[in-house]
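Worksheet: one structure, shown below.
Each value in this text was obtained by applying a stated rule to the coordinates, not by laboratory testing. Values in this document were obtained by computation on a predicted structure and should not be read as measured data. Cβ sites come from the backbone with ideal geometry, for glycine too, and all protein chains shown count toward neighbours.
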Amino acid sequence: MENVRIRQWLNLLVCALLLLISEASYVPITIVQNAVAKGAVCLDGSPPAYHFDKGFGSGINNWLVAFEGGGWCNNVTTCLARKTNRLGSSKQMAKQIAFSGILNNRAMFNPDFYNWNRIKVRYCDGSSFTGDVEAVNPVTKLHFRGARIFNAVMEDLLAKGMKNARNAIISGCSAGGLTSVLHCDRFRALLPRGARVKCLSDAGYFINAKDVLGEQHIEQYFSQVVVTHGSARSLPQSCTSRLSAKLCFFPQYLVSRITTPIFFVNAAYDSWQIKNILAPGVADPEGHWHSCKLDINNCSPDQLDLMQGFRTEFLRAITVLGNSSSKGMFIDSCYAHCQTEMQETWLRSDSPELKKTTIAKAVADWFYERRPFHQIDCPYPCNPTCHNRVFDPQEDHPGV
């Protein structure tokens, strides 16, 4: 009897794995070797990289360039820690990665973008592709060259056919979502004038908010990132001409000046922002927020009240977008972070919805101008379609 049960469980496990495999394809890595001569290198001096799944059929001249996320490093110590892993060295990157969600190559999982040229640019500079410091410390041998990596990868893709794009999207998740904001107009300027070019930011709308102790922790942190990487020159001049460069790392201070159409997918209770902006470890030394940050169901009434307050601040910060049809948004009430590259949240039978619309449908309708989409969810816990993140305790390490 016990053996029968084991076989049944194994069969279920195999079926589950097959389902996951069928929802994603694996794409090999491309190392941009000629970028080294241009000084466009990762933190450790290795060449940048991306994964490229070529378009086919009617999508052969359509391009989706997605930038990987993974936080930032704000000083020599934190950048040295990244230098020895995939977030600081292409030598440590996987030779192939799964493409799912908006990167999926099957129509049933990604009906509007499945046959496009789909690229995932790997993240190894720690500055959302904005750093540009010529000098290299002979002791640490750290290279702060994120902006050069952006330019080198774009040159490589333009030469491979992106210069003929008819439709194009720059996208990204988390720090990659911030990349798509900071480089939105720059990306548009690279492509043919007659092409439809738009930007998509997933979980990249980081807000300048105080933590639970009333401190401006995230503002100080972003300021350190900008100084360490010499990012000021690479940030949009439409912002730096008016404000301090450290503020121009926050989308709320620059999106009103972005001229290229842009769409934001974000959780109002973004799990990364709750963990690192509202309740970072430095503001919670006794760990009162530890259980809550792992699972929103564990949060006390007082903690939920503070999170509702954070949502209010988030919505206030994103209202600067206005109501233009060129600027779209899908702001759900989930405890989540990054939803466009995960199949379960991008497009599946149980995916999150606003106004009975999935993220995949909202983004595609907006991109192809079938209809505008500008929806903000009701407060937590009103949306039964949410996929709220539950973190393993081992994952609960500060991103900031």
request  = Take every Cα-Cα pair in region 222-299 and report what % of them are more than 21 Å apart.
outcome  = 48
ask   = If you put +1 on each Lys and Arg Cβ and -1 on each Asp and Glu Cβ, how big is the dipole of the chain around its Cα centre, in Debye rounded to 20?
value = 1660
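Going by the alpha-carbon gyration tensor, a ≥ b ≥ c the square roots of its eigenvalues, is region 58-195 rounded (a/c under 1.5) or, if a/c is not under 1.5, prolate (a/b greater than b/c) versus oblate? If you can, show how the numbers build up before the last one.
Numbers: a/c = 2.43, a/b = 1.68, b/c = 1.44.
Cα axes put region 58-195 in the prolate bin.
Taking Cα pairs under 8 Å and at least six residues apart, what relative contact order does the chain come out at, in percent?
Numbers: 845 pairs, mean separation 61.2, N = 400.
The normalised contact order for the chain reaches 15 percent.
Could you tell me the relative contact order of region 235-308? Use alpha-carbon pairs under 8 Å, at least six residues apart, and round to a whole percent.
Working: 33 pairs, mean separation 13.4, N = 74.
Here the relative contact order equals 18 percent.
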Coil-residue trypsin sites (Lys or Arg not before Pro) of region 99-130, DSSP, other Cβ within 10 Å capped at 16 = Arg106
ask   = Cα convex hull of region 22-376: mean projected area in nm², to one decimal?
value = 17.5
Residue among Gly322, Pro285, Ala267 farthest towards the positive dipole end of region 256-400, charges placed on Cβ = Gly322
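Tell me whether region 50-113 comes out rounded, prolate or oblate; compute the Cα gyration tensor, take square roots of the eigenvalues as a ≥ b ≥ c, and use a/c under 1.5 as the rounded threshold. Working shown, then result.
Values: a/c = 3.11, a/b = 2.75, b/c = 1.13.
Note, shape of region 50-113 comes out prolate.
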ask   = Considering the chain as a Gaussian network with a 10 Å cut-off on Cα pairs, which listed residue, Lys355, Lys163, Lys83, attains the greatest mean-square fluctuation?
value = Lys355
ask   = For Lys83, which aspartates and glutamates qualify as cross-link partners when the Cα separation must be under 15 Å and same-chain residues fewer than eight apart are set aside?
value = Asp44, Asp125
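Order of 23-31, 273-281, 386-394 by packing, highest average Cβ count within 10 Å first?
Details: 23-31: 16.8, 273-281: 23.3, 386-394: 14.0.
Per-residue Cβ counts within 10 Å, averaged per peptide and sorted highest first, yield 273-281, 23-31, 386-394.
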query = Near Lys120, which aspartates and glutamates are there with a Cα under 16 Å away, not counting those fewer than 8 places off in the same chain?
reply = Asp53, Glu68, Glu155, Asp156, Asp202, Glu341
message = Net charge within 12 Å of Ser89 by Cβ-Cβ distance, Lys/Arg positive one each and Asp/Glu negative one each, not counting Ser89 itself?
response = +4
task = Starting from the Cα gyration tensor of region 292-343, take the square roots of the eigenvalues, sort them a ≥ b ≥ c, and report rounded, prolate or oblate (rounded when a/c is under 1.5, otherwise prolate if a/b is larger than b/c, else oblate).
result = oblate
note = Only helices counted: for the chain, with every DSSP H run of 4 or more residues adding -39500 (n - 2.57) and the sum spread over all residues, [θ] at 222 nm is -8000 deg cm²/dmol
